[in-house]
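The values are calculated or read from the model by the stated rules, or taken from the named source; none is laboratory data. None of the values given here were measured: they were computed from a predicted structure. Virtual Cβ from ideal backbone geometry, glycine too; neighbours counted across all protein chains shown. Heads up: the accessible areas ignore ligands, DNA and RNA and are worked out on the full protein's heavy atoms, side chains in. Shrake-Rupley method; radii C 1.70, N 1.55, O 1.52, S 1.80 Å.
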Amino acid sequence: GAALYGLAMPQLYAELWAPVGNGVRLKLGHFYTTLGYETVTAPDNFFYSHSYTMQYGEPFTHTGMLASTEVAEGVTVHGGITRGWDNWEDPDSDLSFLGGVELDLIPDTTTLAYSMHVGDEDIPGGRGEDKRSTYSIVLTHHLNDQTRYILQHDLGYQERGTPLSQRTAKWYGVNQYLITDLTECLSAGSRLEWFRDHNNARILGIPSE
């Protein structure tokens, strides 16, 4: 079930490229999620610690396939199927959808990324047929050559995801980052987060408000 992870391989995938349109990149295997601003790999994060949103509100990995292509100048879309959240293989053999779009609003200055994941998830005590849906929106804006501002919003829900009561669980939040390069080797940053774990389903996993 969901409590048994199985093969815990961080990433293991092949990446192919096809000369279709502007070029299609296809990823096959076990790979990190496209949701959120923070990532699993340490060199790609400014802070040593992680936000509640990344730790409890988003998946870390998927197994499946994901295609991405630039449909127009400054517009990249991706979409594919996975076996769910943070598992090598879904115990109920269900397929989920992973997709999104990235917009280059102002070249080299402002980008907007939207990603979503929808599918049935096998949770402890559940039936393996309860839909879990989540999305993330990340806005990145360079105030100048040294300073960048990041705004992220996530929202998710899980059918019958609340322990014991089996009510729909919801979680959502807003993250803000401000990072300034002081020198070529030194940067300063701040993170301000508000995260709401409705019904205590994601963090504590207890059936009380």
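Annotations for the structure displayed:
- Some residue of the range 129-136 being acidic (Asp, Glu), over 19 Å from Leu35 (Cα atoms) and at pLDDT below 95: yes
- Of everything listed in (1) open to solvent by 60 Å² or more (accessible area, probe 1.4 Å); (2) modelled with pLDDT of 95 or more; (3) hydrophobic (A, V, I, L, M, F, W, C), the single unmet condition for Leu95 is (2).
- Inside the range 14-51, residues that are under 30 Å from Leu186 (Cα atoms) and aliphatic (A, V, I, L, M) make up a count of 3.
- Single unsatisfied condition, Met54 versus (1) surrounded by 19 or more Cβ atoms within 10 Å (Cβ to Cβ); (2) in contact with a strand residue (DSSP E or B) (Cβ under 7 Å, 6 or more places away or on another chain); (3) at negative phi: (2)
- Scan of the range 9-25 for residues that are touching a residue at least 24 places away in the same chain (Cβ under 8 Å) and open to solvent by 50 Å² or more (accessible area, probe 1.4 Å), ordered by number: Met9, Pro10, Gln11, Val20, Gly21, Asn22, Arg25
- All told, Val77 falls short of being open to solvent by 20 Å² or more (accessible area, probe 1.4 Å), modelled with pLDDT of 95 or more and either acidic (Asp, Glu) or within 26 Å of Asn144 (Cα to Cα) (or both).
- Of the residues screened, Thr82 is one that is of a type in the set (Val, Ile, Thr) and open to solvent by less than 30 Å² (accessible area, probe 1.4 Å).
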